[in-house]
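The values are calculated or read from the model by the stated rules, or taken from the named source; none is laboratory data. Every value quoted in this text rests on a predicted model; they were computed, and no experiment measured them. As a convention, Cβ positions derive from the backbone with ideal geometry for all residues, glycine included, and neighbour counts pool all protein chains shown.
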Amino acid sequence: MQRPTLALNVVMLGPPGAGKGTQAERFARTHGLPKISTGDILREAVVAGTPMGQAATATMDAGELVGDEVMIEIVGERLTRPDTRPGFVLDGFPRTVAQATALDGIMDGRGALVVIDIVVPEEALLRRLAARRICGSCGVNAPVEWIAACGTCGGALVVRTDDGNGIVRERLRVYHRQTRPIVEFYSGRPTFRTIDGNQPPDVVTASMDGAIREVSVGPGEVRA
Ligand code: AP5
């Protein structure tokens, strides 16, 4: 008898600059899954000037977290869409124990979460975030070979508004205070894995693929 194929539901954890977005993008593209980045959703709302974007701007620019209620509603709605049925890659959510608890509720009956925690030393995080440039138009992280303009849309490259030195240090403090506890929340689960993110991006991609394969029992199937 053929076993039903389960969804591949991936959650990326890690401090600011760990490479969550970079790896989420690669994994989602390779596996044909939607990448859901709460940071991107918020930045798009800021650019569009929606009420949510206007409310979130000051919080994000201060390096603090947007309220749990708003974030849980955004992700809860996004995960009702049909494109998430085969699975998804979540980048930037959950970020608090309250969000992680809510996600368990949202996932009830939808299969296990594969949780990947990317670990990178603080000096490397500070270096990466100080060096990062993004496209001022489409928001994508600029690879080093883009000198002045975005290779995708031609927009000018700029510093992300929350990548200033003081704000990055606050983001790291917020990570340790509010987000790090969710590593404990997930670490006892059989589908939790830690990977070394202080390696070249392709090596991190291979580690992540290997870790996800290890907890999977077949294509798209995850041991609960
Ligand atoms: P968010 O956008 O999620 O930011 P973050 O978690 O601080 O993460 P970053 O985007 O800075 O880093 P990353 O780990 O994705 O690394 P990346 O791949 O970009 O959130 C921003 C704000 O939104 C929050 O502060 C908060 O205010 C709000 N927010 C979002 N979600 C929320 C939630 N759930 N609840 C409440 N508030 C929320 O890489 C970083 C740099 O390093 C890039 O330049 C990249 O090219 C480079 N790089 C990547 N990998 C490597 C590597 N292996 N080696 C060398 N360089 C690398």
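Residue under question is Ala58, and the condition is that it be of a type in the set (Gly, Ala, Ser), within 13 Å of the ligand (Cβ to nearest atom) and over 24 Å from Asp104 (Cα atoms); does it hold? Show your work before the answer.
Numbers: of a type in the set (Gly, Ala, Ser): yes; within 13 Å of the ligand (Cβ to nearest atom): yes; over 24 Å from Asp104 (Cα atoms): yes.
Taking the combined requirement at face value, the residue satisfies it.
Report, by residue number, each residue of the range 91-121 that is near the ligand (Cβ under 9 Å from one of its atoms) and either in a loop (DSSP other than H, G, I, E, B) or within 19 Å of Ala28 (Cα to Cα) (or both).
Our first condition is that a residue be near the ligand (Cβ under 9 Å from one of its atoms); within the range 91-121, this holds for 91-96, 99, 118, 120.
Hits for the range 91-121 are Asp91, Gly92, Phe93, Pro94, Arg95, Thr96, Ile118, Val120.
Just one of Thr22, Thr30 is out of contact with any Asp or Glu (no Cβ under 6 Å at 6 or more places or on another chain), within 26 Å of Asp209 (Cβ to Cβ), more than 14 Å from the ligand (Cβ to nearest atom) and in a helix (DSSP H, G or I); which is it? Talk me through it step by step, then tell me what you get.
Working: Thr22 fails: more than 14 Å from the ligand (Cβ to nearest atom).
Residue meeting the stated conditions: Thr30.
If a residue has to be over 17 Å from the mean Cα position of the chain (by Cα), over 17 Å from Glu123 (Cβ atoms), surrounded by 13 or more Cβ atoms within 10 Å (Cβ to Cβ) and of a type in the set (Lys, Arg) to count, how many in the range 155-214 make the cut?
1
Could you check the range 161-175 and list, in sequence order, the residues that are part of a loop (DSSP other than H, G, I, E, B) and modelled with pLDDT of 95 or more?
Of the residues in the range 161-175, the ones part of a loop (DSSP other than H, G, I, E, B) are 161-164.
Within the range 161-175, Asp162, Asp163 meet the criteria.
So that you can scan it fast, the table gives a plain yes or no per residue for (1) small (Gly, Ala, Ser); (2) surrounded by fewer than 19 Cβ atoms within 10 Å (Cβ to Cβ); (3) under 18 Å from Ile182 (Cβ atoms):
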site: Asn9; (1), (2), (3): no, no, yes
site: Met12; (1), (2), (3): no, no, yes
site: Pro15; (1), (2), (3): no, no, yes
site: Lys20; (1), (2), (3): no, no, yes
site: Thr30; (1), (2), (3): no, yes, no
site: Thr38; (1), (2), (3): no, no, yes
site: Leu42; (1), (2), (3): no, no, no
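Yes/no matrix, rows are residues, columns are (1) at pLDDT 95 or above; (2) part of a helix (DSSP H, G or I); (3) not hydrophobic (A, V, I, L, M, F, W, C):
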{"position": "Arg177", "(1), (2), (3)": "yes, yes, yes"}
{"position": "Thr194", "(1), (2), (3)": "yes, no, yes"}
{"position": "Gln199", "(1), (2), (3)": "yes, no, yes"}
{"position": "Ala206", "(1), (2), (3)": "yes, yes, no"}
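Which condition number in (1) without any contact (Cβ under 8 Å) to a residue 60 or more places away in the chain; (2) buried (at least 20 other Cβ atoms within 10 Å of the Cβ); (3) within 18 Å of Val115 (Cβ to Cβ) is the one that Gly92 fails?
(1)
Residue by residue, here is whether (1) part of a helix (DSSP H, G or I); (2) in contact with a Gly (Cβ under 7 Å, 6 or more places away or on another chain); (3) free of Cβ contacts under 8 Å to residues at least 24 places away in the same chain holds:
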position: Ala45; (1), (2), (3): yes, yes, yes
position: Ala58; (1), (2), (3): yes, no, yes
position: Leu65; (1), (2), (3): no, no, no
position: Glu69; (1), (2), (3): yes, no, yes
